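To keep things clear, I will list the structure first and then write my remarks on it.
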Amino acid sequence: MDYSAHLDQAIARLHEEGRYRTFIDIVRKQGRFPHATWSHPDGSERPVTVWCGNDYLGMGQHPKVLAAMHEAVDATGAGSGGTRNISGTTLYHKALEAELADLHGKDAALLFTSAYIANDATLSTLPKLFPGLIIYSDELNHASMIEGIRRNGGAKRIFRHNDVAHLRALIAADDPAAPKLIAFESIYSMDGDFGPMKEICDLADEFGALTYLDEVHAVGMYGPRGGGVSERDRLAHRIDIINGTLAKAFGVMGGYIAATEKMCDAIRSYAPGFIFTTSLPPAVAAGAVTSVKVLKTDQARREQHQTAARILKTRFKALGLPLIDHGSHIVPVIVGDPKHTKLLSDMLLEDNGIYVQPINYPTVPRGTERLRFTPSPLHGPKEMDALVRAMDALWSHCALNRADLSA
């Protein structure tokens, strides 16, 4: 076999479809978020404003977070030195797990290197703990949830997105005695819509099912202490396992689950994705602890974040842009073609110093390609004015709303 030729063909297909992913090399500027420097292909360094980052609240630049990380590096060094089971558990990791358990009102939390790994490891391990487990998964769940469910060897049912009636029909058709788990998200990151949490919890109670909630795009940003939509809606006590991230609103890195002490202990003991992975560096854990603590009392930052999102959506709507608005902080503008989306992204970057990455298949369905904007409390009037002017000019110039950009 000509292996090189097969690789060429695979990459060529992506180029032909217009969804080959190009990495933009940027350098974040400490204390100047959302501003950064772009390493232009011509060798120059150009200023850019980042409009697509997941550091939703700018906590990756917060002075207290940085100070905690510096202090931990000076005290412990760079890495953790091993897996959690073999020399990689420190006081920083234990403190972070305690802080996260408290955030969600749970007995315990279990720390992973990312929320992807937390989802994958947990969902692939649960059938080992509950033989015969049937997992009911929303069709738009994150790839990490899909992967964990796909390879766990157990039974699965896929229900239509946010369709509780369909979910009910699927559960009702299965053996009443079989163990069951419903996996869903609080906020779906590409459209920004909310999962029907209360209705799903009611259904879980009725049929004796466990609930598994991905709060990745909500922790830190919703609820009086940043516990997510489940805290905001006073439903956290009805969720058996909550998955969250430290890499978005908390501005650092890592993922976790929060649940009962017994559940976390079982996952810790059986999940290969936890057992065989080097733990997070102590400095990262220290920064995350500080970020969680700060956001538990910083409601003003959450309110500023929501205000920025509302303002941007209002201004985009005034331009007539095809915007999806479900009331969350996610601001997706639908372009509908991968090549058009990439070209618009390139023009925003090259001509306006605005960085927003194109979102294509398989992240979103074909025909719904988009630019996904993530305003933060630190995107001020100057940054927003520049973005709105650029989008207005480019959209009108390219006639994207008439799908004739290629002309």
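The values are calculated or read from the model by the stated rules, or taken from the named source; none is laboratory data. If you're wondering where the values come from, they're calculated on a predicted model, not measured in any experiment. As a convention, Cβ positions derive from the backbone with ideal geometry for all residues, glycine included, and neighbour counts pool all protein chains shown. Accessible surface areas use protein heavy atoms only, side chains included; no ligands, DNA or RNA. Shrake-Rupley method; radii C 1.70, N 1.55, O 1.52, S 1.80 Å.
If you take the Cα centroid of the stretch 219-292 and the Cα centroid of the stretch 371-396, the two points sit 32 Å apart. Based on the Cβ-Cβ distance from residue 87 to residue 107, what FRET efficiency comes out when R0 is 25 Å, to the nearest 0.05? Efficiency, from the Cβ-Cβ distance: 0.45. Derived scalar couplings between HN and Hα for the stretch 57-74 equal 10, x, 6, x, 10, 5, x, 5, 5, 5, 4, 5, 5, 4, 5, 5, 4, 5 Hz in order, rounded to whole Hz, by the Karplus curve 6.51 cos²θ - 1.76 cosθ + 1.60 (θ = phi - 60°), x for Gly and Pro. Percentage of Cα-Cα pair distances in the chain greater than 37 Å, rounded to whole percent? Of all Cα-Cα distances in the chain, 26 percent exceed 37 Å. What the Cβ-Cβ distance of residue 319 and residue 205 gives, at R0 = 45 Å and to the nearest 0.05, is a FRET efficiency of 0.50.
When only Cα pairs below 8 angstrom with a gap of at least 6 residues are kept, the chain shows a relative contact order of 21 percent. For residue 178 and residue 233, the difference between the fully extended length at 0.36 nm per residue and the C-alpha to C-alpha distance is 16.9 nm. Across the options 142, 196, 101, the greatest Cα extent toward the positive end of the charge dipole of the stretch 101-215 (unit charges at beta carbon of Lys, Arg, Asp, Glu) belongs to 142. Peptide packing: for 5-11, 94-100, the average count of neighbouring Cβ atoms within 10 Å per residue gives the ranking 94-100, 5-11, highest mean first. Taking a Cβ cut-off of under 15 Å around residue 45, the surrounding Lys, Arg, Asp and Glu residues balance to a net charge of +1, with basic ones at +1 and acidic ones at -1. Sequentially through the stretch 146-152, phi angles give Karplus couplings (6.51, -1.76, 1.60; θ = phi - 60°) of 4, 5, x, 5, 5, 9, 7 Hz, Gly and Pro residues having no value and appearing as x. Three principal axis extents of the stretch 1-86 based on alpha-carbon atoms, in descending order, are 52, 42, 26 Å.
Between residue 306 and residue 139, the simple label model (points 7 Å from Cα in the Cβ direction) yields a spacing of 3.1 nm.
Quick one: angle between helix 282-296 and the longest Cα principal axis of the chain, in degrees between 0 and 90, rounded to 10, please. With rounding to tens, the tilt is 80 degrees. The trypsin sites (Lys or Arg not before Pro) of the stretch 126-156 meeting both criteria, a DSSP state outside H, G, I, E and B (loop) and at most 16 other C-beta atoms within 10 angstrom of the site's C-beta, are 151. Using alpha carbons only, how many degrees (0 to 90, rounded to 10) separate the axis of helix 197-207 from the longest principal axis of the chain? It works out to around 30 degrees.
Among the trypsin sites (Lys or Arg not before Pro) in the stretch 1-58, those placed in a DSSP loop whose Cβ has at most 16 other Cβ atoms within 10 Å are 21, 29, 32. Each peptide among 72-84, 233-245, 206-218 gets the average number of other Cβ atoms lying within 10 Å of its residues, and from highest to lowest they stand as 206-218, 233-245, 72-84.
For residue 389 and residue 150, the FRET efficiency from 1/(1 + (r/R0)^6), where r spans their Cβ atoms and R0 equals 41 Å, is about 0.40.
Here the contact order of the stretch 63-157, divided by its residue count and restricted to Cα pairs under 8 Å and six or more residues apart, works out to 19 percent. Evaluating 6.51 cos²θ - 1.76 cosθ + 1.60 at θ = phi - 60° for every residue in the stretch 87-94, the Karplus couplings come out as 6, x, 9, 10, 4, 5, 5, 5 Hz, glycine and proline recorded as x. Put simply, the amide H of residue 336, placed in the peptide plane, has neighbours under 5 Å in 369, 370, leaving out anything fewer than 5 places away on its chain. Counting only protein heavy atoms and using a 1.4 Å probe, the accessible area of residue 114 comes to about 40 Å².
For the residue pairs 156/339; 64/94; 198/262; 248/339; 296/317, the alpha carbons lie more than 30 Å apart in 156/339; 296/317. Counting pairs of Cα atoms in the stretch 148-200, how many percent are more than 17 Å apart? I get 44 percent for the Cα pairs in the stretch 148-200 exceeding 17 Å. Amide H of residue 158 versus every other amide H placed in the peptide plane: which residues, excluding those fewer than 5 positions away on the same chain, fall under 5 Å? Amide H neighbours of residue 158, under 5 Å, 5+ apart: 137. About the centre of its Cα atoms, the chain shows a dipole size close to 480 debye [charges on the beta carbon of Lys, Arg (+1) and Asp, Glu (-1) only; nearest 20 debye]. If one takes the longest principal axis of the Cα atoms in the chain, at what angle in degrees, from 0 to 90 and to the nearest 10, does the Cα axis of helix 381-398 lie? Helix 381-398 sits roughly 70 degrees off the main axis of the chain. Taking amide H positions as modeled 1.01 Å from N, with prolines and chain starts lacking one, the residues under 5 Å from residue 221 and 5 or more places away or on another chain are 228.
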